[in-house]
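Chemist: Got a structure for you, written out below as structure tokens; questions coming shortly.
Nothing in this text is a laboratory measurement; each read-out follows from the coordinates by a stated rule. All figures in this text were calculated on a predicted structure; none of them were measured in a lab. Every residue, glycine among them, receives a Cβ derived from its backbone with ideal geometry; neighbour counts consider all protein chains shown.
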Amino acid sequence: MKDRALSLGFNRIGIARAKPSPHLDAYFRWLDAGMHAEMGYMAREDRRARRRDLNVILPGVRSLIMVGLDYSTLKLPDALTNAPRRGKIAAYAWGVDYHAVMTPRLEALAEWLREQTDQQIAHRVYVDTGAILERSHAQQAGLGFTGKNTMLIDPRGGSYFFLGEILTDAEFDQYDKPGRATLCGSCQRCLMACPTNAFPEPYVLDARRCISYLTIEHKGAIDPALRPLMGNWVYGCDVCQAVCPWNRFAIETHESQFYPIDPERAAPLLNDLLTLDDEAFKVRFAGSAVERIKRDRLVRNACIAAGNSHLPEYRPILESLAASDRNEIVREAAQWALSAARL
Ligand code: SF4
């Protein structure tokens with residue numbers, strides 16, 4: 001099974017018994033504190049029920065096959081990613097959407113498993129698409145430990161990898177041992193480096209302050225108090241991973257699809273983003289994870305980054321967006337950029 005997973009291109013695989021996550025209580029406390037922000041679906045009772053008992057997802061489930069796929073590509077020069085005229089996109093979204101890469105391979109792995117036995121085998125495949133605590137189960141399958149930044153970290157390979165899983169009613173003759181609970185020690189780099197102070201305590205991320213949540217998941221206007229802290233991130237954020245010392249062991253991916261087709265996919269010029277219409281957005285981001293937030297949300301984020309740049313050259317385009325963009329959230333963000341940044 002493991003050889004097959006590696007031959008399909010996955011970099012890590014572990015197999016765990018399908019038991020409830022040991023982090024379930026902490027997760028429910030996190031939900032009850034409202035730290036999932038506007039991702040209300042996470043708190044729905046049907047979702048809670050699935051996380052409590054994996055049988056609700058797949059009756060008779062016995063095993064979880066957890067896989068990881070590295071996505072770390074070239075490190076872009078700081079001159080590019082910190083250029084005031086550019087926005088930053090989180091590294092996981094520089095190339096092709098990982099769902100499209102991983103899901104068919106997981107299905108192929110499940111099919112291979114089915115061929116190895118004459119029994120009927122049921123399965124479900126997820127790539128961060130299911131109501132299960134993916135990182136926690138991956139830790140139980142021995143793929144790594146949980147960092148204070150809430151990421152799953154492989155002590156031999158850092159945290160720049162995607163997770164996916166197969167739930168199956170197949171039983172294995174061996175299961176992997178869980179990874180260590182944590183190996184952070186006294187380090188607090190990620191907690192200190194977070195631009196918006198999104199970690200109220202170690203191992204707890206308040207999505208309401210997280211730049212990744214704000215730029216990707218949050219649909220409305222972003223809290224004005226947080227905007228100046230967002231810098232030039234326009235899609236996601238890598239800060240809590242970039243400062244983590246375990247990422248000195250990050251392994252460069254062998255997936256050419258995860259490399260940006262050009263530097264503009266990783267650090268686009270803000271002017272280009274501010275002038276996007278729906279058609280240009282589709283052409284530019286087709287097939288990447290950025291595509292899912294659509295034009296309006298990306299232009300909202302670009303307005304905030306333009307305001308944070310304090311560059312007067314954006315005044316004309318921001319005035320135009322503030323006056324006549326079809327989207328109210330974009331108009332408001334453009335107005336904020338003009339006034340808060342005194343452009
Ligand atoms: Fe743990 Fe330090 Fe990495 Fe944060 S930066 S996840 S505290 S090792």
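Chemist: Kindly put PHE258, PHE281, PHE249 in sequence by how many other C-beta atoms sit within 10 Å of each C-beta, fewest to most.
Modeler: Taking fewest neighbouring Cβ atoms as first place, the list is PHE249, PHE281, PHE258.
Chemist: Sort by residue number and report every cysteine in the chain with no other cysteine beta carbon within a distance under 4.7 Å.
Modeler: CYS184, CYS187, CYS194, CYS210, CYS237, CYS244, CYS303
Chemist: Of all DSSP beta bridges in the chain, what percent run antiparallel (nearest 5)? The partial results should precede the final answer.
Modeler: Details: 23 of 25 bridges.
So the antiparallel bridges amount to about 90 percent of the total.
Chemist: Could I ask something else about it? List the residues whose amide H sits under 5 Å from the amide H of MET151, counting only those 5 or more places along or on another chain, with H placed 1.01 Å from N in the peptide plane.
Modeler: The answer is none.
Chemist: If you don't mind, there's one more thing I want to ask. Could you list TYR203, TYR41, TYR314 in order of exposure, starting from the residue whose Cβ has the fewest other Cβ atoms within 10 Å?
Modeler: Ordered from fewest to most neighbouring Cβ atoms within 10 Å, TYR203, TYR41, TYR314 come out as TYR41, TYR203, TYR314.
Chemist: Residues with beta-carbon under 11 Å from that of ALA333, excluding ALA333: net charge, scoring Lys, Arg +1 and Asp, Glu -1?
Modeler: Residues near ALA333 contribute 0 overall.
Chemist: Can you give the local net charge around ALA267? Use residues other than it whose beta-carbon is closer than 9 angstrom to its beta-carbon, Lys and Arg +1, Asp and Glu -1.
Modeler: Values: positive: ARG86, LYS88, ARG265; negative: GLU264.
So the surrounding residues net to +2.
Chemist: Sticking with this one: Mean Kyte-Doolittle of at least -1.0 plus a Cα span of 24 Å or more along the axis: flag which DSSP H helices in the chain meet both, please.
Modeler: Flagged H segments are 98-115.
Chemist: Still on this structure, I have one more. Among 215-221, 233-239, 21-27, how do they line up from the highest to the lowest mean number of other beta-carbon atoms within 10 Å?
Modeler: Ranked by mean Cβ neighbours within 10 Å, highest first: 233-239, 215-221, 21-27.
Chemist: Also, quick follow-up: Using alpha-carbon positions, what is the distance between the centroids of the range 17-48 and the range 183-259, in Å?
Modeler: The range 17-48 and the range 183-259 have Cα centres separated by 20 Å.
Chemist: With θ taken as phi - 60° and the coefficients 6.51, -1.76 and 1.60, list the Karplus ³J(HN,Hα) couplings across the range 191-199 in order, rounded to whole Hz; mark glycine and proline as x.
Modeler: 5, 6, 7, 4, x, 10, 6, 8, 9
Chemist: Same structure again: Between their Cα atoms, which of LYS148/LYS294; LYS88/LYS219; LYS75/LYS282; LYS148/LYS219; LYS88/LYS282; LYS2/LYS75 are more than 24 Å away from each other? Present the calculation step by step, with values, prior to reporting the outcome.
Modeler: Details: LYS148/LYS294 31 Å; LYS88/LYS219 19 Å; LYS75/LYS282 26 Å; LYS148/LYS219 27 Å; LYS88/LYS282 18 Å; LYS2/LYS75 30 Å.
From the list (LYS148/LYS294; LYS88/LYS219; LYS75/LYS282; LYS148/LYS219; LYS88/LYS282; LYS2/LYS75), the Cα-Cα distance tops 24 Å for LYS148/LYS294; LYS75/LYS282; LYS148/LYS219; LYS2/LYS75.
Chemist: Right, here's the next one. Can you tally the net charge around TRP112? Count Lys and Arg as +1, Asp and Glu as -1, for every other residue whose Cβ sits under 15 Å from the Cβ of TRP112.
Modeler: Working: positive: LYS2, ARG4, ARG105, ARG114; negative: ASP3, GLU107, GLU111, GLU115, ASP118.
Counting the neighbours of TRP112, the net charge comes to -1.
Chemist: Hey, can you grab everything whose amide H is under 5 Å from the amide H of TYR235? Only 5+ residues off in sequence or another chain; H modelled, so Pro and N-termini drop out.
Modeler: The list, which skips near neighbours in sequence, is LYS88, ALA90.
Chemist: Next up: Going by how many other beta carbons lie within 10 Å of each one, how would you line up LYS88, LYS177, fewest first? Let's see the in-between values first.
Modeler: On the way: LYS88 25, LYS177 10.
Fewest-to-most ranking of LYS88, LYS177: LYS177, LYS88.
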